[in-house]
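What follows is a short report on a single structure.
The values are calculated or read from the model by the stated rules, or taken from the named source; none is laboratory data. Since the model is a prediction, treat every value here as computed from it, not as a measurement. Cβ: placed from backbone, ideal geometry, glycine included. Neighbour counts: every protein chain shown. Just the protein is used for accessible areas: all its heavy atoms, side chains included, with ligands, DNA and RNA removed. Shrake-Rupley method; radii C 1.70, N 1.55, O 1.52, S 1.80 Å.
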4 protein chains.
Amino acid sequence: MRLSLQPSLDPAAYRYVHHVRTRFAETDAMGIIHHGTYPAYLEEARAAMLRENGFPYDAVRAGDDGIDFAVLELYVRHRRPLRFDDLVAVHVVVEDLTRTTFQVGYLLTVDAEVRATAVTVHGAVDARGRPSRMPAFLAALTGPGD
Amino acid sequence: MRLSLQPSLDPAAYRYVHHVRTRFAETDAMGIIHHGTYPAYLEEARAAMLRENGFPYDAVRAGDDGIDFAVLELYVRHRRPLRFDDLVAVHVVVEDLTRTTFQVGYLLTVDAEVRATAVTVHGAVDARGRPSRMPAFLAALTGPGD
Amino acid sequence: MRLSLQPSLDPAAYRYVHHVRTRFAETDAMGIIHHGTYPAYLEEARAAMLRENGFPYDAVRAGDDGIDFAVLELYVRHRRPLRFDDLVAVHVVVEDLTRTTFQVGYLLTVDAEVRATAVTVHGAVDARGRPSRMPAFLAALTGPGD
Amino acid sequence: MRLSLQPSLDPAAYRYVHHVRTRFAETDAMGIIHHGTYPAYLEEARAAMLRENGFPYDAVRAGDDGIDFAVLELYVRHRRPLRFDDLVAVHVVVEDLTRTTFQVGYLLTVDAEVRATAVTVHGAVDARGRPSRMPAFLAALTGPGD
């Protein structure tokens, strides 16, 4: 288990925030957003962070390096459920960058109320799925910023 | 973080195995099963275990207790990717039953090769989402069995 | 088959437009957005149209009427694929309102290029799934507007 | 609109049947299987039909031809809802094979009760998404069989 990041409950500890509106398709028969939907929210927030920082994920994938950020580990803690039509603030921070992996912490809030925290651990892989060098731009995205 | 279970890589440590055939709809542009699909595989295996042990989940939900097993925490470790049309053996064991929570460990294999391990932490909630007593039958399902 | 609406390729024939950013989770091993994702895009656009016209869908569901707009029929025609990170304009128009059903037409474009058209046929149902009166506000939303 | 097949309500009109157990993850807040899930059920049944007839879809995709059966059109008619834990019989028949397209009809039943009918229209495309010759084996799979 590489996962070591402890996601903060304080939005100030995060560099970036992305908003997701929950879909009715994502609810389940308990009337809440199904827990299996959260990985897609986290991924959408990661992609938005890269795009807004000048590194759109599809360009990263198509570039000379042709790399993907494979998900090695995923952890989600559900504190209060999300419901249909909630506007979710997904706070994102990159931490623990090593030569082969990095970790991303997430805080999900609705109207400033904490709903969930999460961590993903990523490795860079090339187009054939083999481990690859971590792209240099990630260092500039690490931590909560100034 | 309540999650404490360390999922074994040995199938003998699990009580139950359920098979899932991966769907093309579950692949992504990396050519592998998207990591966001795994929670649905784990849930399907939990439901199959309950059904085959005489406690179909829809009856549990509709019964006098009317309880659901809410997912409090989820952890997945991806060791090797799954691909389209793989027949995945999802090994399941219930552990760490307390008065308010239990943990489920998972080992995912294809042709006896390890692909992923996972843990979910659950609490019992009533139809309004409030914490509820843990149903008695869970004790009989705990551990790897005889 | 109640479905009769012929969705136009001209955005001017639609009353409302909602934008959806495709997710990586929604791609498949062909490298395109999986066709099974489109119903969720259509539904998200319907919900956005209702919300922006003062009838948020969760309020419609929770109100005295407690109604849902069940999907009776769905038709999608794929003209060109969507890809990851596309910003999709989903044009929406309500048509063919009867006492028990209405139809919704959709035009999906990316940078003004047509990608897909679709139609859904809906009936109003109450909380138990039984057919219900169509809410009066739908008449005001029907057609392309002024 | 190429779609012309009228799916029969009689299981005898179909060549093949594949069973799918619905997942809790596929339910929605109306307590039924979300309509956006049905395309995945249809696709799983198509893949099972190909596999059991000696043409596993991943081999078709990886072969010399390297073809995919792109979905050009999709139509689903919902007659009665599916619920969690239903064991759904998806009846499948290939019809209307032309040089560039074929249509697949579906009948979804639970305990012999009709729940939905559906049609998909497919074209063969190569690895770059360009139209390709239809593989010869499809002719042998067309129609309800003997």
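Looking only at residues in segment D:1-10 that are more than 9 Å from chain C (Cβ to nearest Cβ) and open to solvent by less than 50 Å² (accessible area, probe 1.4 Å), the one that is nearest to A:HIS34 (Cα to Cα) is D:PRO7. Within segment A:89-100, the set of residues being of a type in the set (A, V, I, L, M) and open to solvent by 60 Å² or more (accessible area, probe 1.4 Å) comprises just one member, A:LEU97.
Within segment B:98-144, the set of residues being without any contact (Cβ under 8 Å) to a residue 60 or more places away in the chain, in contact with a Gly (Cβ under 9 Å, 6 or more places away or on another chain) and part of a strand (DSSP E or B) comprises B:PHE102, B:PRO131.
Got a sec? Which of B:VAL60, B:VAL125, B:VAL92 is at pLDDT 95 or above and not charged (D, E, K, R)?
On the way: B:VAL60 fails: at pLDDT 95 or above; B:VAL125 fails: at pLDDT 95 or above.
Of the residues listed, the single one that is at pLDDT 95 or above and not charged (D, E, K, R) is B:VAL92.
Summed over segment C:53-88, residues that are surrounded by fewer than 19 Cβ atoms within 10 Å (Cβ to Cβ), more than 12 Å from every other protein chain (Cβ to nearest Cβ) and in contact with a His (Cβ under 8 Å, 6 or more places away or on another chain) total 0.
Please work out which residue is nearest to B:ILE32 (Cα to Cα), limiting yourself to segment C:44-67 and to residues that are acidic (Asp, Glu) and without any contact (Cβ under 8 Å) to a residue 60 or more places away in the chain.
The selected residue is C:GLU44.
Filtering segment A:1-25 to residues that are touching a Phe, Trp or Tyr at 6+ places or on another chain (Cβ under 8 Å) and within 27 Å of D:GLY31 (Cα to Cα) leaves A:VAL20, A:THR22, A:ARG23, A:PHE24. Of all the listed residues (D:ALA40, D:ALA29), the sole one being at negative phi and under 14 Å from the mean Cα position of the chain (by Cα) is D:ALA40.
Looking across segment D:42-52, the residues that are in contact with a His (Cβ under 9 Å, 6 or more places away or on another chain) and within 14 Å of chain C (Cβ to nearest Cβ) come down to D:GLU43, D:GLU44, D:ALA45, D:ARG46, D:ALA47. Kindly check whether there is at least one residue in segment A:101-124 that is surrounded by 14 or more Cβ atoms within 10 Å (Cβ to Cβ) and of a type in the set (Lys, Arg). Yes, there is a match, as at least one residue in segment A:101-124 is surrounded by 14 or more Cβ atoms within 10 Å (Cβ to Cβ) and of a type in the set (Lys, Arg).
Across segment C:11-40, which residue is nearest to the other protein chains (Cβ to nearest Cβ) among those that are touching a residue at least 60 places away in the same chain (Cβ under 8 Å) and part of a loop (DSSP other than H, G, I, E, B)? Among residues in segment C:11-40 that are touching a residue at least 60 places away in the same chain (Cβ under 8 Å) and part of a loop (DSSP other than H, G, I, E, B), the one nearest to the other protein chains (Cβ to nearest Cβ) is C:ARG23. The residues in segment A:130-146 that are open to solvent by less than 50 Å² (accessible area, probe 1.4 Å) and of a type outside the set (A, V, I, L, M) can be counted, and the count is 6.
Scanning segment B:44-65 turns up no residue that is among the aliphatic types (A, V, I, L, M), assigned to a loop (DSSP other than H, G, I, E, B) and more than 28 Å from C:ASP28 (Cα to Cα).
Looking only at segment D:11-45, how many residues end up being among the hydrophobic types (A, V, I, L, M, F, W, C), open to solvent by less than 20 Å² (accessible area, probe 1.4 Å) and in contact with an Asp or Glu (Cβ under 7 Å, 6 or more places away or on another chain)? Final tally of qualifying residues: 3.
The set of residues in segment C:66-96 being touching a helix residue (DSSP H, G or I) at 6+ places or on another chain (Cβ under 6 Å), outside any strand (DSSP E or B) and of a type in the set (A, V, I, L, M, F, W, C) consists of C:PHE84 alone.
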